[in-house]
Every structure is written in C-alpha cells, then in structure tokens.
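Data block below; observations after.
The values are calculated or read from the model by the stated rules, or taken from the named source; none is laboratory data. Every value quoted in this text rests on a predicted model; they were computed, and no experiment measured them. In this analysis, Cβ positions are derived from the backbone assuming ideal geometry, glycine residues included, and neighbour counts consider all displayed protein chains. Just the protein is used for accessible areas: all its heavy atoms, side chains included, with ligands, DNA and RNA removed. Shrake-Rupley method; radii C 1.70, N 1.55, O 1.52, S 1.80 Å.
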Amino acid sequence: MTDKEKQEATAVTTPAYASDALAEGTVDAVVIGGGAAGLNGALILARSRRSVVVIDSGSPRNAPADAVHGLIALDGTPPSEILRRGREQVRQYGGRVVFGKVVSAEPAAPSADGDLRFTVTLADGRSITARRVLVATGLKDVLPEVPGLAEHWGHSVVHCPYCHGWEVRDEPIGILATGPASIGPALLFRQLTEDLTYFTHGTDLDEDTRARFAARGIRVIDTPVTEIVDDEDGALAGVRLADGQVVARRVLAVVPQMQARTQGLEGLGLPVRDLPNVGRAFASGPDGATEVPGVWVAGNVTDPVAQVGASAAAGALAGIDINKKLAIADTDAVLQG
C-alpha cells in the first residue's frame, strides 16, 4: 500500500452505526455531511420542527485522532463519541441520519407555489428532494509524500498546536515544512517544547525568519527528509535525511494541503475562493449562505482552519438562517394561496 493509499484509508474509520431510512417526499432540508457542522445545523433545524435528513459518508477529517481538544466541556472526548452523541440528539428531535455518499446534488423544478427544490442522489441510486441544502462535507488532509509519514497521522504526526499541543509537550518535536504556512506553527510549537527542529524540506526560509528561529533556539535543517524512522515498537523515532543522517524526533508537525470535499456537488454551481497557504474552499456569507439561492455551507468546506467548536457554531448559524428563510417562504406560500 502506498502512502497515498494509506492516507485515504485513514479517512474512513468511523465505527459502523444503524442508518435511518431515506425520507420519502420533499423534506425541508438535506444536510450533506455528518460532522460537527452538519449535525449541529441539523439539530437546530430539527428542534425547529423542520424535516431534515443528514447524509453522512462516514469519513470525518478527525477520525484518526484519539480525542478532540480545546472544546469546552468535551475536551478529551473521542471524535467518534461526539459524532455518536450528535446523531442521537438529531434523531431525538425527529431528524434522520442516513449513511451514504452523495454523487450529485442539483436544483430541481420549483414547487407549484415557486418554492425552491433540490435533488440529492446517493451512490446506491437513491435520491431525495429538499427545499434547502446545507453543505458540510468538510475537507481532507493531503500529507507530503514522505514514506512512513501517513502511518502516524493523528498521533505522533500532528498539525495543530491547539488540537494536539498539550499532548506532545516537552517532546523532541520536528516541523516538516510544506511552505510559508509552516513558519507560524513553528513559533507556536516552540511554546510547547524547548527541543524543536525545523526541516525546510526543499522550501524557502528567508534570513529574517532564520534569525527569529535562532533567537528562539529553533534548529534549522535544510537537508531534505527522505523517510520516517520508527523504533522497534513501531513508534516514531526520527527522520532520515538525504545524506543518511537520522535526526531523533518523537513528534512531527506538518501543515498538510487542505482539499475541500466538493465531489458530487458540481451541479449546485457553488462559488469557490482561493485562500492563502490553504487552497480552495466554497465561498459564503457570515451565516453560511452562498450566492446560490437555497444552498448554505458550513464547517471546513468553507473555513479550512475551523476547529470542531467553530465548525459546530457555523452549522448552528446556517441552520438558524435556513429556518428563517423557510419561515418566510412558508408565509409567502400562504399569502399566495
């Protein structure tokens, strides 16, 4: 198995759970994505007595991690447990959570009173019609193609000092640079350890930054990294350089390429934006509304750096706005009638 294949495999690790039946007829909202943003948006809608269906592909970004951190009251809770509770809470208000992969989502013919309609189709051929759509598909992290790196992702290979920093404090940490976006995290991880090495790995590092690193005691190594070295127990022990030298490290921090999960959503025609040092993501307003009437986005698919708490909050804001727009449409329909 190649590193890329292993990387893809780490994304599909959600424990199996019972899927609800796909609702028949037209529902108020379909939420595409069963992570924190999608479930919180669905919770708001279900509590507002809206018919809502969550389509969950079962591949959350944080699946490889042992716990979610930095989230008040839930710090240290496994990601799978947070999602399990989220699905349960959506269901207790009448919402449905359906396990499946969306292969297409597109506008459909409006209702007789002119209200919006969308058709969402799953990989197994099933489809559902909804008045509104919330896209919360998240993103996937693409790691540098360094042999051995992907196996430790989410454990001793980390990306966020706030999500994982406390757990790796005082360890010998290495920053495997992927570009300018790695400079900031280096200074943040220096807060957590006095033994920090920055591997430029073929990226540029200007003299001013080198001086700042030197002032903080951050060692810089310009020789490229060729592979990850494990100890006899399979734990990360260091990195091997192109000259054969092995630099002992217990933890590596890396800023991965973040790719918004947009597959199957092309039919919605959602606008995208380029984000510095991150990549492309769907564009939206403060409540998640997009330029496409009837479609909202929330979470990492529009804000790649949002943590679990921020993604959940964004889902809630989108759910509130969707319910408001539906209430207006309901009133308009009565007046027309």
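Quick notes on this one:
- With R₀ fixed at 45 Å, the C-beta to C-beta distance from Glu145 to Arg117 puts the FRET efficiency at about 0.55.
- Its relative contact order, with pairs defined as Cα atoms under 8 Å and 6+ residues apart, puts the range 99-209 at 15 percent.
- Amide proton proximity set for Glu171, modelled H, under 5 Å, gap of 5+: none
- Spin-label pair Tyr93/Ala248, simplified geometry with 7 Å Cα→Cβ offset, distance in nm: 5.3 nm
- Computed packing ranks the peptides 95-108, 42-55, 18-31 as 42-55, 95-108, 18-31, most packed first, by mean other Cβ atoms within 10 Å.
- Contact order normalised by residue count of the chain, Cα under 8 Å, 6+ apart, percent: 21 percent
- Taking the 1.4 Å solvent-accessible surface of the chain as the whole, the part contributed by carbon and sulfur is 52%.
- Accessible surface for the range 55-183, divided over its residues, is 44 Å² per residue with a 1.4 Å probe.
- Taken along its principal axes, the alpha carbon cloud of the range 131-259 reaches lengths of 59, 39, 28 Å, longest axis first.
- Protein heavy-atom accessible surface, 1.4 Å probe, per residue over the range 209-337: 49 Å².
- Of the residues Thr226, Ile320, Phe282, the one whose Cα sits farthest toward the positive end of the charge dipole of the chain, with +1 on the Cβ of Lys and Arg and -1 on the Cβ of Asp and Glu, is Ile320.
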